[in-house]
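One structure is given below, encoded as structure tokens.
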Number of protein chains: 2
Amino acid sequence: MPSEGLPGSSALSVDELTELGQQLRVDSVRATDAAGSGHATSSMSAADLAAVLLAHHLRYDFDRPDHPGNDHLILSKGHASPLLYALYRAAGAVTDEELLTFRSQGSRLEGHPTPRLPWVDVATGSLGQGLPVGVGMALSGKRLDRIPYRVWVISGDSEMAEGSVWEAVEHAGAEGLDNLTLIVDVNRLGQRGPTRHGRDLGAYARRLKAFGWHTVEVDGHDVEAVDRAYAEARSTQDRPTAILASTVKGKGVEAVADQEGQHGKPLADATAAIAELGGVRARHVDVHKPTAARTLHAVPSGHLDLPTFDKGGDPVATRDAYGQALAALGSARGDIVALDGEVGDSTRTEYFAKDHADRYFECYIAEQLLVAAGVGMQARGHVPYVSTFAAFLTRAHDFLRMAAISRASLNVVGSHAGVAIGEDGPSQMGLEDLAMMRAIHGSTVLYPSDANQTAKLVAAMADLDGIRYLRTGRGKDAVIYGPDEEFAIGGSKVLRRTDDDRLTLVAAGTTVHEALAAADLLAAEGIAVRVVDLYSVKPVDAQTLWTAGEETGCLVTVEDHHPEGGLGDAVAEAYADGRPVPRLVRLAVSTMPGSATPDEQLYGAGIDAESVAAAVRLLVEKVMVR
Amino acid sequence: MPSEGLPGSSALSVDELTELGQQLRVDSVRATDAAGSGHATSSMSAADLAAVLLAHHLRYDFDRPDHPGNDHLILSKGHASPLLYALYRAAGAVTDEELLTFRSQGSRLEGHPTPRLPWVDVATGSLGQGLPVGVGMALSGKRLDRIPYRVWVISGDSEMAEGSVWEAVEHAGAEGLDNLTLIVDVNRLGQRGPTRHGRDLGAYARRLKAFGWHTVEVDGHDVEAVDRAYAEARSTQDRPTAILASTVKGKGVEAVADQEGQHGKPLADATAAIAELGGVRARHVDVHKPTAARTLHAVPSGHLDLPTFDKGGDPVATRDAYGQALAALGSARGDIVALDGEVGDSTRTEYFAKDHADRYFECYIAEQLLVAAGVGMQARGHVPYVSTFAAFLTRAHDFLRMAAISRASLNVVGSHAGVAIGEDGPSQMGLEDLAMMRAIHGSTVLYPSDANQTAKLVAAMADLDGIRYLRTGRGKDAVIYGPDEEFAIGGSKVLRRTDDDRLTLVAAGTTVHEALAAADLLAAEGIAVRVVDLYSVKPVDAQTLWTAGEETGCLVTVEDHHPEGGLGDAVAEAYADGRPVPRLVRLAVSTMPGSATPDEQLYGAGIDAESVAAAVRLLVEKVMVR
């Protein structure tokens, strides 16, 4: 066989590649057998595809997983994790002993891959995620890192039904990402039975070609053909390549091969299967090392010159402050990148786009790709800010959830929050976003009320761990803080306070202004109330809430969000440890809004200053009598 | 012009059609001008497409919007609502006076269409929703109603980037939905600038053809050509048709036509624009009536014979009880349909598929389409149960949110909830689903703990309003209720109670069993605790919680979900009205799980019986001392 491998590679023979494939199958059988669960047959179908990739085409330094020149291998069909772990064993990165800890408590070899393993960039297991994340990495390689690493995504055939895959196919085709290769393991069987297209490789090829991809159809068990297909992908210019590989699920073991009802389980007779596959092997692959490379950020880091706004001056929309602050952050730091879902004129990322076009990524109206591309870029060390309407971030909920499992560091910004947007109506209103973002593991949730606070938080969030969310508003709000005020993550601001406060209004974002106006109305009537700006919705400033609770006896949350999972819940959670609880009242959007002006909307939802004041009067006069 | 209209139609001349298009433009300008906001230019591009459809091809009885033979028109580009309302005016359904209430408080003519208008089946405004919902309606027409109505979806070009569109394109192509027509208004301009493909109709056509669609490319302002295209769509058999119409955004008014920066706003000079468009008209269109039709459900309704399980007998997974109950419900009622995301063997909808194959819809791994198709079917009067893993419902979050705005009646079932699934790890664990589903406006959220309870709730949810969610588990749980026990929506069950209870454990689903075991452990130590099965997470049984709070002083929630937005929040919300609050403690999954056995997972998260008992001991001894 002519070597189709990398320059300087010691090419394996057909027999050696075939042997390696068998080893990966045996190890997949062994790992699932040891675990008593896991996806043996889905691993076996892709074993030859993986073997040839590892031996001849992947450039990866397993001793230096952070090497900037490394290729990136994403196993999008994450349930085939035994295959990936078998690959790691063949590469010498995982011992045989560790392989057999698969799926046991404490093992890094989880049921689906996660970055607990240093060679895994992102978690997979929710299908249809590998390719969109891979697009983010390939874009990084082309436009940010400018390093010739390749991104290899191994996908199942079932997951080609996911719309997120086609968002990525469209984007990769349009961007001409020739550093991206999609390997589709067409084993014809999904979880509950046959896939829609069976082994019709042409069905996949026609679709991908229509989106501008190069495609190669191949027998996924013919290692020579697979080798040539990878070489063809590597040499194809100006467009991404998809290798459509016809394979047999459970290949190599007659009892399960191409059979329905064999998904997601170990083989019944592992001993016999291993014998049929030729027994246990310990073949080692010397994986090609990457060429020298280093990550250079587009501009050097410098002084951060955040925009400032006059306290008490012209009102400013928090989305506008966000856009300006992001552009400033981009000037100070070369690692900042921005992605938007074709609404940059609304989210105000247009300011960043204008100043830093090379680090701005227009993702069009494809929110799953938008978030996934951000996840891919952060895996390469960039600091992405991903923006769209808060309402439309719900499109990417699964990607946000998985980003947390990927231990991703990602800034997410949702604009046009709440009924305060006015006439556009409920489809455009983020009224569930706080609930969604708070429930993401390890997330930070910020909701600024003025322009200076927004700017400070935009800068602060850049260096936090995990998924950090900033909620911005459409309309202009008063500037209530000076430009030198500091805002700690996990902090809050007490904006009104007397020793005679009858209760505490806890607000964030738009409702801070309503709460302040309500407090003024009430003060004129001799009713003193405390006002807390709870801009850090998660983590929450429990100490300030506890003090306010003790001193005033009642915490009234006022939020432009549905009653569930938002500010009211954040306050309640500060009392989740059994300490005495003050009275709690939630004012939130409990009706279905229609169209109306912003003021009418706030009034209709009962969260404007007059409604808040009325609620306080009722509480003070009727409920809190003591 | 030869009549391309429906049989018996009084065909409009080219001039009349052109005039009607101009009227729709003028009315769009007038409505947005009156409102001071709204999308004039996006309405103007599609005006001729809409005019020809209304005059010659739509079959619709505006006096009988519930006529089963009516065609269905979905304006997927919902921001072009002025065009839709102008169409309604032309059809005589909306007065000129009402047209000018556009976007004002209380008006049915919202910024984006909602079913507050009887002729609107589903809300739009989140792009990429119209086609997937239309697929559900077209499937209803073909497979359930067997009525030859057509589904017409008017889409923007920008939204073709949404993956949900391609899930629908794939499904419609594979199902050969020749009763479905997609009309793409290719006006080349998105919100912030040009679309990816500009006016390249071929780019769209190639993609759609690859998925098995018939396509027609047309000048969207040539009313004769548009007329022929619709006729071609109506006569095309065995596959859906997409009409790709090249149009000009803001067509007809030179100041805005084909200009960037004119998205989403009224025209600066409406008076001049109306004059340029030829002035106000009051042309009435006699819309074709549908042919006689009636909805017949597949089987007549009969006696409901729910499965029953022996209390104290063999453990049963709640997902299994769900599948059996759904099959039984399907036998009793012909209006029940089931949709699954290619995991019917896991969710157990496979039982329904076996008994009622004609009412079972395999949606493959495409969760947005899955939910959208259910929304489309309920708009036709069917009662869908939509099922996949709880974790993967996050893919369809935006569709669930919009379904609530659509006033949809939809059953949603998420299986494999929580860490209790065990080895598969976090990507497969629904740990955010309660937060997501509770924050959906008007939703019902149910989380049964045993098989008999599950069966009863599956039947009860069928007739509720709004989005109702049932959360099921993977593993087998003890049967703790008899088959005759009743479970009210909004109710709960007090499973342990003494006059000496030191606190109350509030649990649901899997954790009910852990709480009961903890109570038994504690009782043996002389610590009496109350146990409440809060199977109705929303609405919540506030009265029982209040009583337990008063009598025991402390409510400890135990949930297999992240701490935010779930059971803990549901309990806290029962105290959102200012009444005195007992102590509250949340035991939930606050760590990132890995792989482990179900028992190890529950222990690791601190929600197994031993951990719960330990927490109670600590509370009773250290915290609650009084």
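The residues of the range B:244-285 that are hydroxyl-bearing (Ser, Thr, Tyr) and more than 22 Å from B:THR195 (Cβ to Cβ) amount to a single one, B:THR271.
For first residues located in the range A:363-375 and on the phi > 0 side of the Ramachandran plot, partners that are among the acidic types (Asp, Glu) and lie 6+ apart or on another chain with Cβ distances below 6 Å form the pairs A:TYR364/A:GLU342. Select from the range B:338-355 the residues that are touching a Gly at 6+ places or on another chain (Cβ under 8 Å) and buried (at least 24 other Cβ atoms within 10 Å of the Cβ) and write down the one among them that is nearest to B:ASP463 (Cα to Cα). Only one residue tops the list, namely B:ALA338. Note on the range A:383-415: among residues that are open to solvent by 10 Å² or more (accessible area, probe 1.4 Å) and closer than 22 Å to A:PHE352 by Cα, the one that is nearest to the chain's Cα centre (by Cα) is A:SER409.
Of all the listed residues (A:TYR447, A:TYR469), the sole one being more than 19 Å from the chain's Cα centre (by Cα) and hydroxyl-bearing (Ser, Thr, Tyr) is A:TYR447. Only one of the listed residues (B:ALA508, B:ALA548, B:ALA517) is among the small types (Gly, Ala, Ser) and open to solvent by 10 Å² or more (accessible area, probe 1.4 Å). That residue is B:ALA517.
Just so you know, in the range A:114-140 the residues that are without any contact (Cβ under 8 Å) to a residue 60 or more places away in the chain and touching a Phe, Trp or Tyr at 6+ places or on another chain (Cβ under 8 Å) include one that is nearest to the other protein chains (Cβ to nearest Cβ), and it is A:LEU117.
In the range A:237-282, what count of residues is obtained for those that are part of a loop (DSSP other than H, G, I, E, B) and either more than 30 Å from A:GLY176 (Cβ to Cβ) or of a type outside the set (Ser, Thr, Tyr) (or both)? Even if it seems obvious, please write down each step before you answer.
If we filter the range A:237-282 for residues that are part of a loop (DSSP other than H, G, I, E, B), which is where we start, we get A:237-240, A:247-269, A:277-282.
Restricting the remaining residues to those that are either more than 30 Å from A:GLY176 (Cβ to Cβ) or of a type outside the set (Ser, Thr, Tyr) (or both) gives A:237-240, A:248-269, A:277-282.
Counting residues in the range A:237-282 that are part of a loop (DSSP other than H, G, I, E, B) and either more than 30 Å from A:GLY176 (Cβ to Cβ) or of a type outside the set (Ser, Thr, Tyr) (or both) gives 32.
When A:ARG199 is tested against (1) more than 8 Å from chain B (Cβ to nearest Cβ); (2) modelled with pLDDT under 95, just one condition goes unmet, and that condition is (2). Restricting the range B:586-626 to residues that are surrounded by fewer than 24 Cβ atoms within 10 Å (Cβ to Cβ) and of a type in the set (Val, Ile, Thr), which is nearest to B:ARG502 (Cα to Cα)? Among those that are surrounded by fewer than 24 Cβ atoms within 10 Å (Cβ to Cβ) and of a type in the set (Val, Ile, Thr), it is B:VAL620.
Scanning the range B:473-528 for residues that are among the aliphatic types (A, V, I, L, M), touching a strand residue (DSSP E or B) at 6+ places or on another chain (Cβ under 9 Å) and in a helix (DSSP H, G or I) yields B:VAL512, B:ALA515, B:LEU516, B:ALA518, B:ALA519, B:LEU522, B:ALA523. Are any residues in the range A:573-594 under 16 Å from A:VAL419 (Cβ atoms), at the interface with chain B (Cβ under 7 Å from one of its Cβ atoms) and out of contact with any Asp or Glu (no Cβ under 6 Å at 6 or more places or on another chain), and if so, which ones? Within the range A:573-594, A:ARG586, A:MET592 meet the criteria.
Restricting attention to the range B:328-347, the residues that are more than 14 Å from every other protein chain (Cβ to nearest Cβ) and closer than 28 Å to A:GLU159 by Cβ add up to 1.
Within the range A:139-164, if we keep just the residues that are in contact with a Ser or Thr (Cβ under 8 Å, 6 or more places away or on another chain) and assigned to a loop (DSSP other than H, G, I, E, B), the residue that is nearest to B:GLU170 (Cα to Cα) turns out to be A:ASP157. When B:LYS456 is tested against (1) at the interface with chain A (Cβ under 9 Å from one of its Cβ atoms); (2) open to solvent by 10 Å² or more (accessible area, probe 1.4 Å), exactly one condition is not met: (1). The set of residues in the range A:167-189 that are in a helix (DSSP H, G or I), open to solvent by less than 10 Å² (accessible area, probe 1.4 Å) and of a type outside the set (A, V, I, L, M) comprises A:GLU167, A:HIS171. Taking A:GLY136, is it open to solvent by less than 10 Å² (accessible area, probe 1.4 Å), more than 23 Å from A:ASP227 (Cβ to Cβ) and assigned to a loop (DSSP other than H, G, I, E, B)? It is false that A:GLY136 is open to solvent by less than 10 Å² (accessible area, probe 1.4 Å), more than 23 Å from A:ASP227 (Cβ to Cβ) and assigned to a loop (DSSP other than H, G, I, E, B).
Just to be sure before I move on: is A:LEU73 more than 18 Å from the chain's Cα centre (by Cα) and either away from chain B (no Cβ under 12 Å) or farther than 15 Å from A:MET402 by Cβ (or both) in the structure I sent?
Working: more than 18 Å from the chain's Cα centre (by Cα): no; either away from chain B (no Cβ under 12 Å) or farther than 15 Å from A:MET402 by Cβ (or both): yes.
Spelling it out, it is not the case that A:LEU73 is more than 18 Å from the chain's Cα centre (by Cα) and either away from chain B (no Cβ under 12 Å) or farther than 15 Å from A:MET402 by Cβ (or both).
Just to check your reading of the model, which residue among A:ALA605, A:ALA524, A:ALA614 is under 39 Å from the mean Cα position of the chain (by Cα) and of a type in the set (A, V, I, L, M, F, W, C)? Quick ask: steps written out before the conclusion?
Values: A:ALA524 fails: under 39 Å from the mean Cα position of the chain (by Cα); A:ALA614 fails: under 39 Å from the mean Cα position of the chain (by Cα).
Only one candidate passes the filter, namely A:ALA605.
Using the structure shown, decide if A:ALA420 is in contact with an Asp or Glu (Cβ under 9 Å, 6 or more places away or on another chain), away from every other protein chain (no Cβ under 11 Å) and more than 30 Å from A:GLY69 (Cβ to Cβ). Yes. Residue count for the range A:208-228 satisfying the condition of being in contact (Cβ under 8 Å) with a residue 12 or more places away in the chain and within 13 Å of chain B (Cβ to nearest Cβ): 5.
Only one of the listed residues (A:ARG207, A:ARG196, A:ARG192) is buried (at least 18 other Cβ atoms within 10 Å of the Cβ) and in contact with a Lys or Arg (Cβ under 9 Å, 6 or more places away or on another chain). That residue is A:ARG207. Criterion applied to B:ASP560, B:ASP577 was being crowded, with 24+ Cβ neighbours inside 10 Å, in contact with a strand residue (DSSP E or B) (Cβ under 9 Å, 6 or more places away or on another chain) and under 23 Å from A:LEU567 (Cα atoms), and the one residue passing it is B:ASP560. So, of the residues in the range A:563-572 that are in contact with a strand residue (DSSP E or B) (Cβ under 7 Å, 6 or more places away or on another chain) and facing chain B (nearest Cβ under 9 Å), which turns out to be most open to solvent (accessible area, probe 1.4 Å)? In this case the residue turns out to be A:PRO563. Of the helices (runs of 4 or more DSSP H) lying entirely inside the range B:1-120, those carrying at least 2 residues that are open to solvent by less than 10 Å² (accessible area, probe 1.4 Å) and either within 21 Å of A:GLY422 (Cβ to Cβ) or of a type in the set (A, V, I, L, M, F, W, C) (or both) are B:14-35, B:40-45, B:47-52, B:81-90. Of the candidates A:GLY475, A:GLY442, A:GLY466, A:GLY482, the single residue that is on the phi > 0 side of the Ramachandran plot and either touching a residue at least 40 places away in the same chain (Cβ under 8 Å) or open to solvent by less than 10 Å² (accessible area, probe 1.4 Å) (or both) is A:GLY466.
The values are calculated or read from the model by the stated rules, or taken from the named source; none is laboratory data. Every value quoted in this text rests on a predicted model; they were computed, and no experiment measured them. All Cβ positions, even for glycine, are placed from backbone atoms using ideal geometry, and neighbour counts span all protein chains on display. Heads up: the accessible areas ignore ligands, DNA and RNA and are worked out on the full protein's heavy atoms, side chains in. Shrake-Rupley method; radii C 1.70, N 1.55, O 1.52, S 1.80 Å.
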